[in-house]
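Peer 1: Quick one: structure below, then a few questions.
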Amino acid sequence: MDKLDRLILEQLQADCSLPINDLAERVGLSPTACWRRVQKLEERGVIRARVALLDGVRLNVGVTVFVAVRTSRHDARWLEQFHAAVSTIPEVVELYRMSGDTDYLMRVVVPDVAAYDQVYKRLIRMAELADVSSSFAMEQIKYTTALPLDYLPDS
């Protein structure tokens, strides 16, 4: 990974819809050389996908709920069942297995408390859980999908 790859990634994180000619111009490469680098970054899995970021408020899912889940079961069968169940709930947009007191942390987006209650009821029917604690976000202070590029190893 060199300086040009970093520049390409920086530009694509800001706007992945850039035409290759514009991207190449911004990073100081020919379109062909730039395209080859983008292809290599995709092949290596550095670029996982190119997506559109949507506005949750305009799509009526502007309420964010952070859900901490604890379980008393830590076997492979439960784990598979839980992961499969959560993957069927579209309102769960992120799920992490955690260290510490919380086993899993989810980010859920819904239009309102009543919709979250439906997600909660669906969740507790799907898997044996010891505790579910929900916190509603009052204000979004920072949101980005851009990853820091300062830690990339030099090639």
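Peer 1: Do we find that Leu7 is more than 21 Å from the chain's Cα centre (by Cα), part of a helix (DSSP H, G or I) and either surrounded by 17 or more Cβ atoms within 10 Å (Cβ to Cβ) or at pLDDT below 95 (or both) in this structure?
Peer 2: Values: more than 21 Å from the chain's Cα centre (by Cα): yes; part of a helix (DSSP H, G or I): yes; either surrounded by 17 or more Cβ atoms within 10 Å (Cβ to Cβ) or at pLDDT below 95 (or both): yes.
Yes.
Peer 1: Can Gln39 be described as at pLDDT 95 or above and either surrounded by 14 or more Cβ atoms within 10 Å (Cβ to Cβ) or under 30 Å from Ala115 (Cβ atoms) (or both)?
Peer 2: So Gln39 fails the test.
Peer 1: Go over the candidates Val61, Val86, Val69 one by one and state the one that is surrounded by 14 or more Cβ atoms within 10 Å (Cβ to Cβ) and assigned to a helix (DSSP H, G or I).
Peer 2: Of the residues listed, the single one that is surrounded by 14 or more Cβ atoms within 10 Å (Cβ to Cβ) and assigned to a helix (DSSP H, G or I) is Val86.
The values are calculated or read from the model by the stated rules, or taken from the named source; none is laboratory data. Computed from a predicted model, the values in this text were never measured in an experiment. Cβ: placed from backbone, ideal geometry, glycine included. Neighbour counts: every protein chain shown.
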